[in-house]
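Participant: Take a look at the following structure, please.
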Amino acid sequence: MSNMLIVETKVLASFQGARIVRLEIASSEISKKARPGQFILVMVSKEGERIPLTVVDRNEEMGTITLIVQEVGFTTRLLGRLKAGDSLYSIVGPLGHSTDIKNFGTVVLIGGGVGIAEIYPVAKALKEAGNRVISVIGSRTKDLLILEEELKAVSGGLYVLTDDGSYGRKGFTTDVLKDLLRGKDKPEKIDLIYAVGPIPMMKYVSEIVKGSGVRTLVSLNSLMVDGTGMCGGCRVIVGGQTKFTCVDGPEFDAGLIDWDALMKRSRVYARQEEHICKLRT
Ligand code: FAD
Ligand code: FES
Ligand code: MG
């Protein structure tokens, strides 16, 4: 099977034109090397940009990796339109530090939106390492919820939420986190919290855990260009120091991040991206 060939695609979720698509891609080297928490940089076409995507799963025997992509703009929509038999222009990876996997005890994983795909490989590996895994997953609405069964299979406890109450409990993942830390659902002890989702969700997680003494990691979706520490595009302020998400991350201690600076940076190219989308779609 030639590398970068798309072996299979499946639409996992679709709601009012917003889709989340799973792609199985042939990449024998990355399927051998990728570890939970790592990502790749993909170029869909020769003229296009590179975008970072988490390696959600890998099958070393088949020489394939799994990507789960939410269509949010031009490049992710282009990727979502590809079919089995098409090929990507390039893939680089695995990149970034992998998650530290060991037996911590009880770990609470929080996934918001497509962040659910990003916590899945970490949940699976933590479960295999003997941890008690509690997963909290949330989406805007029922039709955008992904990987519920997969996470149930690796979690001792699973909480499902939707913003609009169309499925599971109505509310936000952070409501459950508050209960787990302070309320009626409190487990004996939480040893680690791991959250991936929209920046406002991760920022709120960092506020909720303040003072709890529980180590809390987030995996950041910073803007990336080269992905190798050369351009500075993915810079983030952590504990007052400038770090690059691609080579120093993508995981950082939630309490040390300058969330407002990160939020500002994530919107830096918004006007240009909108312009490209209008021109090309
Ligand atoms: P655009 O219209 O260009 O941008 C939409 C928004 O996406 C922007 O406002 C910005 O916040 C973000 N974005 C745009 N360009 C980039 C870029 N070059 N690098 C990072 N973010 C960008 N998304 C998934 O759906 N699944 C994943 O598994 C996943 N994993 C990621 C892992 C990492 C380490 C990082 C940094 C990001 C990850 N993302 C993931 C986010 C994904 O890279 C962006 O959604 C994508 O780049 C958007 O491109 P676009 O052209 O479709 O949208
Ligand atoms: Fe260029 Fe990280 S993407 S330094
Ligand atoms: Mg783009």
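Throughout, read-outs are computed from the coordinates displayed, never taken from laboratory work. All values reported here derive from a predicted model rather than from experimental measurement. Glycine gets a Cβ as well: all are built from the backbone with ideal geometry, and neighbour counts include every protein chain shown.
Participant: Would you mind checking which residues have amide H under 5 Å from Arg50's amide H? H placed 1.01 Å from N; only 5 or more apart, or other chain.
Facilitator: For Arg50, no residues qualify.
Participant: If the reach is capped at under 18 angstrom between alpha carbons, list the lysines near Lys170, excluding any in the same chain fewer than eight residues apart.
Facilitator: Lys142, Lys178, Lys184
Participant: Please give the net charge around Met4, taking every other residue with its beta carbon less than 13 angstrom from that of Met4, where Lys and Arg add +1 and Asp and Glu add -1.
Facilitator: Net charge around Met4: -2.
Participant: What angle, in degrees between 0 and 90 and rounded to the nearest 10, separates the Cα long axis of helix 199-209 from the longest principal axis of the Cα atoms of the chain?
Facilitator: On a 0 to 90 degree scale, this one is about 20.
Participant: Still on this structure: Report the extension gain between Asp164 and His97 in nm, rounded to one decimal, defined as 0.36 nm multiplied by the number of residues separating them, less their alpha carbon distance. The partial results should precede the final answer.
Facilitator: Numbers: separation 67, 0.36 × 67 = 24.12 nm, distance 3.53 nm.
Fully extending the segment from Asp164 to His97 adds 20.6 nm.
Participant: At 7 Å along the Cα-to-beta-carbon direction for both Cys231 and Asp191, put a label point, then send me their distance in nm to one decimal.
Facilitator: The two pseudo-label positions are separated by 3.9 nm.
Participant: Also, quick follow-up: Along segment 71-81, what does the Karplus equation 6.51 cos²θ - 1.76 cosθ + 1.60 (θ = phi - 60°) give for ³J(HN,Hα), rounded to whole Hz, x for Gly and Pro?
Facilitator: Each residue of segment 71-81 in turn: 7, 10, x, 4, 6, 5, 5, 4, 5, x, 8 Hz.
Participant: Which residues in segment 29-58 place their backbone N less than 11 Å from a point set 7 Å from the Cα of Asp86 along the Cα-to-Cβ direction?
Facilitator: Answer for segment 29-58: 44-45.
Participant: While we're looking at this one, here's another question. HN-Hα J couplings of segment 141-150 from phi, Karplus 6.51/-1.76/1.60, θ = phi - 60°, integer Hz, Gly and Pro as x?
Facilitator: 8, 3, 5, 9, 7, 10, 6, 4, 5, 4
Participant: Along segment 228-233, what does the Karplus equation 6.51 cos²θ - 1.76 cosθ + 1.60 (θ = phi - 60°) give for ³J(HN,Hα), rounded to whole Hz, x for Gly and Pro?
Facilitator: 10, x, 9, 9, x, x
Participant: Arranged by the count of other C-beta atoms within 10 angstrom, fewest first, what order do Leu256, Leu41 take? Please report the intermediate quantities before stating the final value.
Facilitator: Details: Leu256 14, Leu41 20.
Fewest-to-most Cβ neighbours within 10 Å comes out as Leu256, Leu41.
Participant: Counting other Cβ atoms within 10 Å of each Cβ, which GluC sites (Glu not before Pro) in segment 36-89 have at most 10 and sit in a DSSP loop? Walk me through the numbers before you get to the answer.
Facilitator: Values: sites: Glu47, Glu49, Glu60, Glu61, Glu71; in loops: Glu47, Glu49, Glu60, Glu61, Glu71.
Answer in residue order: Glu47, Glu61.
Participant: Please give the length that would be gained between Thr242 and Glu128 if that part of the chain were fully extended, namely 0.36 nm times their separation in residues minus their C-alpha to C-alpha distance (nm, one decimal).
Facilitator: Values: separation 114, 0.36 × 114 = 41.04 nm, distance 3.41 nm.
This chain segment gains 37.6 nm when fully extended.
Participant: While we're on this one: Using DSSP, restrict attention to beta bridges with both residues in the chain and report what percent are antiparallel, rounded to the nearest 5. Don't jump to the answer; show the numbers that get you there.
Facilitator: Values: 36 of 60 bridges.
Of all bridge pairs located within the chain, approximately 60 percent are antiparallel.
Participant: If you keep only loop residues by DSSP, which trypsin sites (Lys or Arg not before Pro) in segment 108-189 have at most 13 other Cβ atoms within 10 Å of their Cβ? Can you show the working numbers first?
Facilitator: Working: sites: Lys124, Lys127, Arg132, Arg140, Lys142, Lys152, Arg169, Lys170, Lys178, Arg182, Lys184, Lys189; in loops: Arg140, Lys184, Lys189.
Qualifying residues, ordered by number: Lys184, Lys189.
Participant: Here's something else I'd like to know. For n ≥ 4 DSSP H runs only, could you compute -39500 (n - 2.57) per run for the chain, divide by its residues and tell me the 222 nm figure to the nearest 500? Walk me through the intermediate numbers first.
Facilitator: Details: 9 runs with 79 residues, N = 281.
-8000 deg cm²/dmol, from helical runs alone.
Participant: May I ask which of Lys102/Lys189; Lys203/Lys243; Lys10/Lys102; Lys124/Lys152 have a Cα-Cα span longer than 22 Å here? All intermediate terms of the calculation are to be shown ahead of the outcome.
Facilitator: On the way: Lys102/Lys189 17 Å; Lys203/Lys243 17 Å; Lys10/Lys102 32 Å; Lys124/Lys152 10 Å.
Beyond 22 Å: Lys10/Lys102.
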